[in-house]
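Contents: one structure, followed by commentary.
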Amino acid sequence: LKPTVIIIGRPNVGKSTLFNRLVGKKLALVDDQPGVTRDRRMGDAELAGMEFTVVDTAGWEDDDKDSLPGRMRAQTEVSLEGADAALFVIDARAGITPLDEEIARWLRTVEVPVVLVANKAEGKAGDAGLLESYALGLGDPAPVSAEHGEGIADLFEGLWPHI
Ligand code: GDP
Ligand code: MG
């Protein structure tokens, strides 16, 4: 059985773009509008010869941006239960939001290993957000650009001990 890696994060941080990047195909719908990932999507990924299943989540996307609704959280909790690792994605350009902090607070209580991924880190626009994300208490962030395919080695460095 392949290890399972679940992608978590608030809307619009680039979860589906990262999913597509890892899977190498356009399986997840990417859109400027939050809320386009209506269901969980799974795909096969391979990095440095390690194969794993990657899961893109709808997570909190259908709900009020400022709250952490129980129903969606419960759904993600169920997905997380069977996972070997979670990729928690933040938007380095937008910086850390209250919802990021709320998700991080919850992720610090789960047993599944969490790899913090600071997406949209291409160029300098993500530098401040990347630094801010250390304060989430989830270890060193891996700076990546899912869109440009940068930083996947950093992401893998965080991920490989768990898969
Ligand atoms: P999701 O809601 O978390 O699944 O986010 P999406 O993958 O749908 O992406 C949301 C928006 O962020 C889209 O406009 C993407 O093109 C954009 N995006 C995703 N990854 C990157 C990145 O690495 N850099 C930049 N600048 N934009 C990105
Ligand atoms: Mg999505």
- Query: Ala85's amide H: which non-local residues (gap 5+, or another chain) put their own amide H closer than 5 Å, with H modeled 1.01 Å from N in plane and none for Pro or chain starts?
  - Reply: Thr4, Ile6
- Considering only DSSP states other than H, G, I, E and B, which trypsin sites (Lys or Arg not before Pro) in the range 94-163 qualify as loop sites with at most 13 other Cβ atoms within 10 Å? Arg108, Lys124
- Among His162, His148, which comes first, then next, by fewest other beta-carbon atoms within 10 Å? His148, His162
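Each value in this text was obtained by applying a stated rule to the coordinates, not by laboratory testing. A quick note: this is a predicted structure, and the numbers were derived from the prediction, not measured. Cβ: placed from backbone, ideal geometry, glycine included. Neighbour counts: every protein chain shown.
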